[in-house]
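Accompanying notes for the structure given below.
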Amino acid sequence: MSQTSEAKQKLQHETLFKREKNNPILTAAHWPYPVNSVFNPGATLLEDGTTLLLCRVEDRSGLSHLCAARSKDGISNWVIDKKPTLLPSPTEYPEETWGIEDPRITYLPEKKVYAVAYTSYSMPGPTVSIALTKNFKKFERVGMVMPPLNKDAALLPHKICGKWAMIHRPTTSHYSHIWISFSTDLDHWGDHKMILQARRGPWWDSDKIGLSPPVIKTSEGWLMIYHSVRHTASGAIYRIGLALFDLGCHQTCLRRSDTWVLTPEADYERNGDVANVIFPCGYTIAEDGDTLRLYYGGADTCIGMVTGSLRELLSWLQDNSKVMDNDDISLRENNYD
C-alpha cells in the first residue's frame, strides 16, 4: 500500500473526539429526587473553575425541567441541586405548559449575566425562551422570544453593531435550517437570515440540522458544532458535524464538514428512550485554550462527555470541508421548506 493510500485510510478512520471512560457521567440514578431521565445539558465554567451543567430532567410525568449539577473536575463527584433549579411556569408563561428543555448557556460580559436560551414547549409546539441569571439560583425570565416552531437557540457573547445575536432553528413541514437573528433588548428579534441549510438527498445532515452548543470563537472564525437528523428505514439518527463562520461577518459560512465527526456508537447512545441520539448542548474549554469538553445527551436518557482539541478540529475542517460561497447558502431553489 502506498503512503498516500495509507494516509487516506488513516484519515477515514480519524477520531476527533474521545469518549470519557466513565461515560455516562450522569444518569437518573444520580438524582436526589425521582426522575425518568437526564440529558441534553447546557454547560459553563463558573468563576472558581467549577463546571456547571444545567441538565434537562424529564420527570415521571413526561414533562421536563432544568436542574443544575456542579463538579470540580467536570467529570465526577457531581453535586446536584436537591430540587429543580428552574421549573416551568405555565400560569405566567403558557408556552411552558408542557415543560422546558435543552438549555444553552452564554455568558454576556457586558451585562455580567448568564443568558440561558431554552426550548419552551406547549400545544402550539416548541419555541425559544430566554432567562438570565447571575448564580443559577435566581432567574429573570425574558420569556418567549420566537414564535413556534423553533428551537436549538443560543446567544453570541457580545453585541454585533450594537445588537445581540442569536442562532436558532425554525422548523417547517419538510426541512429545518439554521438561522441568525438580532435584537437590541434580548426580547424583540428581527433581521432574520438563514446561515446554514440542511442538505437534500441521502446526506448525513439531510432533513434537519440545528445548533448544538453555542458557537466557539477561535482565531480562524466562529466554530459551530451542529447536529443533524437523518431519517432512515429503521428510524432517525442524530449525528454531529462542524462549520466555520467568519469572525467579522457572523452570517458568512466559510467551511462546512462533508462528513459527520461524531455518531452514536456506544450502547448508552444507541439504546434508550430515543435510540441513536448524540445531542450536545454545552461545552467547556480548559485553561490551555485548546482542550474542548463536549457534554451531550445520550439516547435521551443519560449524559455523556467527549474530549477534543480545537486545533485538531479546525485542522480537520480545513482538509475535510467545502469552501462555501454565496450560492451555497442562497435560496436559489426557493428552498424555504
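The values are calculated or read from the model by the stated rules, or taken from the named source; none is laboratory data. All of these numbers come straight from a predicted model, not from anything done at the bench. Reconstructed Cβ throughout: ideal geometry from the backbone, glycine too, with neighbour counts over all protein chains shown. SASA here: full protein model, heavy atoms, side chains in, ligands and nucleic acids out. Shrake-Rupley method; radii C 1.70, N 1.55, O 1.52, S 1.80 Å.
Contact annotation: residue pairs with Cβ atoms under 7 Å, 6 or more positions apart or on different chains, pairing a residue in segment 146-159 that is open to solvent by 60 Å² or more (accessible area, probe 1.4 Å) with a partner that is at pLDDT below 95, are Leu149/Thr171.
Residues that are more than 24 Å from Asp273 (Cβ to Cβ) and in contact with a Leu (Cβ under 7 Å, 6 or more places away or on another chain) within segment 40-92 comprise Thr44, Leu46, Thr51, Leu52, Arg70, listed in sequence order. For segment 263-310, filtering for residues that are open to solvent by 20 Å² or more (accessible area, probe 1.4 Å), within 15 Å of the chain's Cα centre (by Cα) and over 30 Å from Asp48 (Cβ atoms) leaves 1. Could you count how many residues in segment 171-187 are in contact (Cβ under 8 Å) with a residue 24 or more places away in the chain and over 12 Å from Val128 (Cβ atoms)? Here the count works out to 8. Listed by position, the strands (runs of 3 or more DSSP E) inside segment 130-244 whose residues that are over 29 Å from Thr50 (Cβ atoms) and in contact with a strand residue (DSSP E or B) (Cβ under 7 Å, 6 or more places away or on another chain) number at least 1 are 139-144, 150-155, 164-170, 178-183, 190-196, 208-211, 221-232.
Here are some residues: Ser120, Ser76, Ser129, Ser89. Which one is touching a Pro at 6+ places or on another chain (Cβ under 9 Å) and polar (S, T, N, Q)? If you could, list the steps in order and put the result at the bottom.
Working: Ser76 fails: touching a Pro at 6+ places or on another chain (Cβ under 9 Å); Ser129 fails: touching a Pro at 6+ places or on another chain (Cβ under 9 Å); Ser89 fails: touching a Pro at 6+ places or on another chain (Cβ under 9 Å).
After applying the criteria, what remains is Ser120.
Restricting Leu223, Leu247 to residues that are closer than 18 Å to Leu196 by Cβ and open to solvent by 50 Å² or more (accessible area, probe 1.4 Å) narrows the list to Leu247. State all residues of segment 27-41 that are surrounded by fewer than 24 Cβ atoms within 10 Å (Cβ to Cβ), closer than 15 Å to Tyr268 by Cα and not polar (S, T, N, Q); if no residue qualifies, say none. Of everything in segment 27-41, those that are surrounded by fewer than 24 Cβ atoms within 10 Å (Cβ to Cβ), closer than 15 Å to Tyr268 by Cα and not polar (S, T, N, Q) turn out to be Ala28, Ala29.
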